[in-house]
Amino acid sequence: MDTQQFLEIVRGFDSRTVASGVAALVLVAALLVLWRWYRRRRARAALLAAVTGGAFEHLRDVLVPDGQGGALHVDFLLLTARGCIIIDMRNIAGNIFGGDQMTEWTVMHRDQRYTFANPQTSLYDRIAVVRALVTELPVEGRVVFAARGRFPKGLPRFTLMLGSLVAEFPPAEREQSGAVPAVWRDDWARLVAACRPSSLMAPKSAV
């Protein structure tokens, strides 16, 4: 074997090695993307099950008209044995300090400290616009915080942790009631017809 033949063999070997390495990297990248997609899908499915488990029907990520030409985003509208429940999701990490009479609530997470507007105020607005569209259907609301946050001083009024939502609105209530009154169904149908899809698809953070 002369020098030229040897160099050709080496070059062919290097090309095959590089091609194999690139293919391996592409495969690893594709697997990572697929795994992240699966985790997000699984998280969305778990969230949906936790929020809607006690509901007969639900709407997710909708705009409810405010009667003044505008609309308010609502994360979830649930038709339950108690009536219509509005769920305002909040995805906040860290210790949260808030109260019914406080204009702003405070978050302390690692070395960060910041405030955000009391979410009860926007919840009351959402309750008001939904009530304006129904007649007999009772309307309540809850601000629901993801498990990444905690309230060391206790939960303010109308706030829940995601893990407590099933206990607050258990599926057993739906099963025991069997059905909702016809007048509630009429109101629900009117509410569904008034809503339209919203582009805000993810649980809100502090702001």
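Checked against the criterion of being surrounded by fewer than 17 Cβ atoms within 10 Å (Cβ to Cβ) and either touching a helix residue (DSSP H, G or I) at 6+ places or on another chain (Cβ under 9 Å) or modelled with pLDDT under 95 (or both), the candidates ARG90, ARG110 yield just one match: ARG110. The residue that is modelled with the lowest pLDDT, counting only those in the stretch 14-49 that are farther than 30 Å from SER164 by Cβ and of a type in the set (Ser, Thr, Tyr), is SER15. Can you find a residue that is among the small types (Gly, Ala, Ser), touching a strand residue (DSSP E or B) at 6+ places or on another chain (Cβ under 9 Å) and in a strand (DSSP E or B) anywhere in the stretch 133-153? Yes - at least one qualifying residue is present in the stretch 133-153.
Considering the stretch 140-169, and only residues there that are of a type in the set (Lys, Arg) and touching a Phe, Trp or Tyr at 6+ places or on another chain (Cβ under 8 Å), the residue that is nearest to LEU47 (Cα to Cα) turns out to be ARG142. So which residues in the stretch 169-189 are at pLDDT 90 or above and exposed (fewer than 14 other Cβ atoms within 10 Å of the Cβ), if there are any at all? Within the stretch 169-189, PRO181, ALA182, VAL183, ALA189 qualify.
Within the option set MET108, MET89, MET102, being closer than 30 Å to VAL180 by Cα and of a type in the set (A, V, I, L, M, F, W, C) holds for one residue only, MET89. Just one of the numbered conditions (1) surrounded by 15 or more Cβ atoms within 10 Å (Cβ to Cβ); (2) at pLDDT 95 or above is not true of GLU104: (1).
Kindly check whether there is at least one residue in the stretch 74-81 that is of a type in the set (D, E, K, R), without any contact (Cβ under 8 Å) to a residue 40 or more places away in the chain and under 30 Å from ARG190 (Cα atoms). The answer is no, given that none of the residues of the stretch 74-81 is of a type in the set (D, E, K, R), without any contact (Cβ under 8 Å) to a residue 40 or more places away in the chain and under 30 Å from ARG190 (Cα atoms). Do we find a residue being surrounded by fewer than 15 Cβ atoms within 10 Å (Cβ to Cβ), closer than 16 Å to PHE76 by Cα, aromatic (Phe, Trp, Tyr) and touching a residue at least 12 places away in the same chain (Cβ under 8 Å) anywhere in the stretch 124-133? Scanning the stretch 124-133 turns up at least one residue that is surrounded by fewer than 15 Cβ atoms within 10 Å (Cβ to Cβ), closer than 16 Å to PHE76 by Cα, aromatic (Phe, Trp, Tyr) and touching a residue at least 12 places away in the same chain (Cβ under 8 Å).
The values are calculated or read from the model by the stated rules, or taken from the named source; none is laboratory data. These numbers were taken from a predicted model, which means no experiment stands behind them. Backbone-built Cβ (ideal geometry, glycine too); neighbour counts: all protein chains shown.
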